[in-house]
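Peer 1: Just passing along the structure, written as structure tokens.
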Amino acid sequence: MRDGIVSDQTAVIDERGESSYQLLVPFIRFIEDNKILMKPLLRPNGDPQFQARLRSYMHAALFHRSPTVLFDETKALVPADYLVSYISSAHMGVIYEWLYSDRPDTAEDIARIIYTITFEGPLVAGGLRAH
């Protein structure tokens, strides 16, 4: 871990606050409203072009679009493309599970779950490490 990176990341998380998951809700509602189309696109053997475009969109949103820029490529501990691939796969995996399991969770519930896993990490979200 490089000096200063933890405090820089913590500042970003603190600024975003608990209601930040609300930024994801319209995106997840869109997926829910278009469930019939999205299910085949998001599955593991779905449309690779769609998935590539989604990763490209996430890369721009996470690293280049102000004010939603979350990460600084110069401070990242891993290459940006790997980070974006990991995050997009994780987010789409949660959404995929929700769509295919026909769970009663709302778009807000899924946004909160994705937010928690992303910002707290899978070890904290899974109860293996204290918050």
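The values are calculated or read from the model by the stated rules, or taken from the named source; none is laboratory data. Everything numeric here is computed off the predicted structure, so don't read it as measured data. Cβ: placed from backbone, ideal geometry, glycine included. Neighbour counts: every protein chain shown. Side chains are part of the model used for accessible areas, which takes the heavy atoms of the whole protein and leaves out ligands, DNA and RNA. Shrake-Rupley method; radii C 1.70, N 1.55, O 1.52, S 1.80 Å.
Peer 1: Which of (1) among the hydrophobic types (A, V, I, L, M, F, W, C); (2) in a helix (DSSP H, G or I); (3) open to solvent by less than 30 Å² (accessible area, probe 1.4 Å) does A76 not meet, given it meets every other one?
Peer 2: Evaluating A76 over (1) among the hydrophobic types (A, V, I, L, M, F, W, C); (2) in a helix (DSSP H, G or I); (3) open to solvent by less than 30 Å² (accessible area, probe 1.4 Å) leaves (2) as the failure.
Peer 1: Ok, one more. Would you mind listing the helices (runs of 4 or more DSSP H) fully within region 79-131 where at least 3 residues are open to solvent by 80 Å² or more (accessible area, probe 1.4 Å)?
Peer 2: 80-101
Peer 1: Then there is this: When only residues in region 7-57 that are at pLDDT 80 or above and of a type in the set (V, I, T) count, which is most open to solvent (accessible area, probe 1.4 Å)?
Peer 2: Here the answer is I36.
Peer 1: Working carefully through the options T74, T68, find the one that is in contact with a helix residue (DSSP H, G or I) (Cβ under 6 Å, 6 or more places away or on another chain), at pLDDT below 85 and closer than 29 Å to H131 by Cα.
Peer 2: T68
Peer 1: Further question: Report yes if H64 is surrounded by 15 or more Cβ atoms within 10 Å (Cβ to Cβ) and farther than 18 Å from I31 by Cβ, otherwise no.
Peer 2: no
Peer 1: Moving on. Those residues that are of a type in the set (V, I, T) and either closer than 18 Å to R43 by Cα or touching a residue at least 12 places away in the same chain (Cβ under 8 Å) (or both), I need them from region 79-115; list them, please.
Peer 2: V84, I87, V94, I95, I110, I113, I114, listed by residue number.
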